[in-house]
Amino acid sequence: MAKTMAVNAGSSSLKFQLLEMPAEQVIAQGVIERIGMDDAIVTIKYGAEIHSERLVGHSEDDEHITLSKDGKGKKYENVTAIKNHQQAINYMLQKLTDLGIIEDFDEITGVGHRVVAGGEWFNHSVIVTDEVLAKIDRLADYAPLHNPANAMGIRAFQKLLPDALSVAVFDTSFHQTMPDENFLYALPYEYYTRYGARKYGAHGTSHRYVASRAAEILHKDLKQLKLITLHLGAGASITAIKDGKSLDTSMGFSPLAGVAMATRSGDVDPSLLYYIQEREGLSNEEMLNILNKKSGLLGISTISSDMRDLLEVQDTNEHANMAIRIFINRVIKYVGQYIAEMGGVDAIVFTAGIGENSIPIRKMIIDKLNYFGVVLDEEKNNVRGQEVEISTENSKIKALLIPTNEELMIARDVESLKA
Ligand code: ADP
């Protein structure tokens, strides 16, 4: 059977998942971190049950393999010098062969790459051509930290696997269906035509995946549903999905907008920034850095960007409590807005790190939405990381917990472009 690799290349890391397609079976997944350093870290999980079994054991050696409790799952780890993405991918492919996960590089017939910014050029996933790569390079203006790394990953894979189909899957493409009243800012129109200054959104692959699963779980045609998908991770975005299409989303020109996130501010009055910059003597770069890295849950709580830490001390630490209240408040505002925009909602879907794992956060959000007719089943909500309907039988609006799976979506897109 053909194998497809889903790749997420960052500036100093590369995450991958290898799937048997069309069976959609994950056969290996891993990450190479600290690319460019003498002590890069390579981790590859493989073998049966790689998702469900916690790996046990420890070795003092740099290069070692640990076994899961049931002996079926394995984890390879090594710390070694890796100069660049090309070397990282070469190392990873070689290791997949050494570990017996693949016999030959040729077994990998498709590689799907996550690309952060697709601008208005890409409203769906595409086969990578020279022209596509040139556009991804040009779109670096919109995602300076991400697109260059994504393009680097694409080029490196093309060199090592020249015969595999190379596909780009854009975070923004799902949101290209937004109508102009939702994607335009009320700024002089010429900034849109001249610079593409508009809302692009993000997390599109995740919103698209959970929406399609929600329709399957509810046994409804996605095109007949009104959904609000809550991707609540370190980065968080909320999307209104109507007729199977993204109608509106909380992230904006960049992933800084929308709800308060782990370290990102979300929406702020732009004139306030100028006011703060003047008083603090901050450059534009410094101000942007504060908005991206020092705000959100971290900025308000002053103690942590991790929701788990805040929940633990919320009863005794006023700032942790405040950060949680602000997070919930911003989520609720978007949900309310989207219910109004869509003229109702059939189901609300929780996904990503916080959405999948935090029982209390889901409860706080749903309890605030009772007025609209959504009622939480506390027992059903008492789970983590599983697909489950968490609203009561009689709840007018359904609430669903659906773990996201962007890698599977990427692999499916590769598969559909192979035809
Ligand atoms: P991203 O992909 O944006 O980096 P994830 O979707 O992996 O983020 O989510 C990571 C976040 O999920 C962490 O910041 C952490 O706060 C949160 N998280 C994970 N598990 C829990 C939990 N049990 N309770 C609350 N938050 C959690």
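The values are calculated or read from the model by the stated rules, or taken from the named source; none is laboratory data. Because the structure is predicted, anything quoted here is derived from the model rather than measured. Positions of Cβ are backbone-derived with ideal geometry, glycine not excepted, and every protein chain shown enters the neighbour counts. Each accessible area value is taken on the protein alone, full model and side chains, heavy atoms only, with ligands, DNA and RNA left out. Shrake-Rupley method; radii C 1.70, N 1.55, O 1.52, S 1.80 Å.
Taking the criterion of being open to solvent by 80 Å² or more (accessible area, probe 1.4 Å) and away from the ligand (no atom under 14 Å from the Cβ), the residues of the range 281-297 that qualify are ASN284, GLU285, GLU286, LEU288, LYS294. Residue pairs whose Cβ atoms lie under 8 Å apart, sitting 6 or more positions apart in sequence or on different chains, and linking a residue in the range 1-22 that is within 21 Å of ASN150 (Cβ to Cβ) to a partner that is of a type in the set (Phe, Trp, Tyr) and outside any strand (DSSP E or B), are MET5/PHE157; VAL7/PHE157.
Within the range 236-254, the set of residues being free of Cβ contacts under 8 Å to residues at least 60 places away in the same chain and open to solvent by 10 Å² or more (accessible area, probe 1.4 Å) comprises ASP243, GLY244.
Out of ILE365, ILE361, I need the residue that is open to solvent by less than 10 Å² (accessible area, probe 1.4 Å), away from the ligand (no atom under 12 Å from the Cβ) and in a helix (DSSP H, G or I). Which one?
Checking each option against the conditions leaves just ILE365.
Can you find a residue in the range 373-389 that is among the acidic types (Asp, Glu), assigned to a loop (DSSP other than H, G, I, E, B), open to solvent by less than 60 Å² (accessible area, probe 1.4 Å) and without any contact (Cβ under 8 Å) to a residue 60 or more places away in the chain?
yes
Set side by side, the residues HIS175, HIS146 differ, and just one is of a type outside the set (Gly, Ala, Ser), modelled with pLDDT of 95 or more and crowded, with 20+ Cβ neighbours inside 10 Å, which is HIS175. Scanning the range 73-104 for residues that are assigned to a helix (DSSP H, G or I) and surrounded by 15 or more Cβ atoms within 10 Å (Cβ to Cβ) returns HIS85, GLN86, GLN87, ALA88, ILE89, ASN90, TYR91, MET92, LEU93, LYS95, LEU96. Looking across the range 12-26, the residues that are open to solvent by less than 50 Å² (accessible area, probe 1.4 Å) and either among the hydrophobic types (A, V, I, L, M, F, W, C) or under 15 Å from MET92 (Cβ atoms) (or both) come down to SER13, LEU14, PHE16, GLN17, LEU18, LEU19, MET21, VAL26. A count restricted to the range 298-342 and to residues that are away from the ligand (no atom under 13 Å from the Cβ), among the charged types (D, E, K, R), open to solvent by 70 Å² or more (accessible area, probe 1.4 Å) and assigned to a helix (DSSP H, G or I) stands at 4.
When restricted to residues that are among the polar types (S, T, N, Q) and touching a helix residue (DSSP H, G or I) at 6+ places or on another chain (Cβ under 8 Å), the range 86-108 contains 3. A single entry from ARG194, ARG264, ARG208 fulfils the requirement of being under 17 Å from the mean Cα position of the chain (by Cα), open to solvent by 40 Å² or more (accessible area, probe 1.4 Å) and farther than 14 Å from MET178 by Cα: ARG264.
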